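Participant: This is the structure I have questions about; it appears just below.
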């Protein structure tokens with residue numbers, strides 16, 4: 001899905017292509033709120049941009065223009081909160097990249113929200129990261145760079161209301177899992193080279209929470225002439 005979304009940015013290479021998408025909608029375990037992300041991505045063409053089949057973004061060279069993002073929280077009482085100003089911090093952290101963001105899980109007590117980020121550099125490099133939001137503190141970002149020192153990571157699940165587990169990944173070799181304790185603000189890496197009792201116990205405990213109530217959708221696509 002993410003690669004298909006990014007490939008939609010191809011078009012008139014010397015012009016620009018803009019996509020607006022709405023992420024999947026995730027409803028909390030207590031059914032009191034649903035969250036999703038509205039995002040605008042734009043590929044800006046250059047005078048010398050040409051179509052090439054070598055990369056995911058076939059128009060090269062290209063510029064990923066600043067991300068416009070909106071986190072939307074729909075409450076069961078009908079009220080709606082909109083976090084308009086760099087809610088996820090992506091404009092600063094991933095300014096020159098194309099990002100597809102989706103909420104994937106709440107914690108079992110509904111407090112923490114995990115958002116998956118599929119990140120593309122406009123060539124052939126891509127990776128996955130996750131951010132953790134605290135819903136009780138204005139949806140502030142608690143953690144952004146999980147599995148520091150590794151190329152990518154996968155969300156595995158929660159093992160308690162405040163402990164979340166990620167699999168650290170490199171293309172050349174398997175990595176450890178990382179247990180993030182959101183109360184202590186600590187991280188523990190556990191090797192996957194051997195099936196230790198600790199590893200097997202954690203993998204047996206991981207769970208995800210929340211219900212996907214609507215799927216990811218591209219809202220509109222626009223083409224712009226060369227600047």
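The values are calculated or read from the model by the stated rules, or taken from the named source; none is laboratory data. All of these numbers come straight from a predicted model, not from anything done at the bench. Every residue, glycine among them, receives a Cβ derived from its backbone with ideal geometry; neighbour counts consider all protein chains shown.
Participant: Is it the case that residue 114 is part of a strand (DSSP E or B), modelled with pLDDT of 95 or more, touching a strand residue (DSSP E or B) at 6+ places or on another chain (Cβ under 6 Å) and buried (at least 18 other Cβ atoms within 10 Å of the Cβ)?
Facilitator: Yes.
Participant: Considering only residues that are surrounded by 10 or more Cβ atoms within 10 Å (Cβ to Cβ) and either more than 27 Å from residue 40 (Cβ to Cβ) or free of Cβ contacts under 8 Å to residues at least 60 places away in the same chain (or both), which ones fall in segment 196-227?
Facilitator: Within segment 196-227, the first condition is being surrounded by 10 or more Cβ atoms within 10 Å (Cβ to Cβ), and the residues that meet it are 196, 198-203, 205-219, 221-224, 226-227.
Of everything in segment 196-227, those that are surrounded by 10 or more Cβ atoms within 10 Å (Cβ to Cβ) and either more than 27 Å from residue 40 (Cβ to Cβ) or free of Cβ contacts under 8 Å to residues at least 60 places away in the same chain (or both) turn out to be 196, 198, 199, 200, 201, 202, 203, 205, 206, 207, 208, 209.
Participant: Give segment 7-40 a look and list any residue that's buried (at least 21 other Cβ atoms within 10 Å of the Cβ), at pLDDT below 90 and closer than 30 Å to residue 213 by Cα, or say none.
Facilitator: Of everything in segment 7-40, those that are buried (at least 21 other Cβ atoms within 10 Å of the Cβ), at pLDDT below 90 and closer than 30 Å to residue 213 by Cα turn out to be 9, 17.
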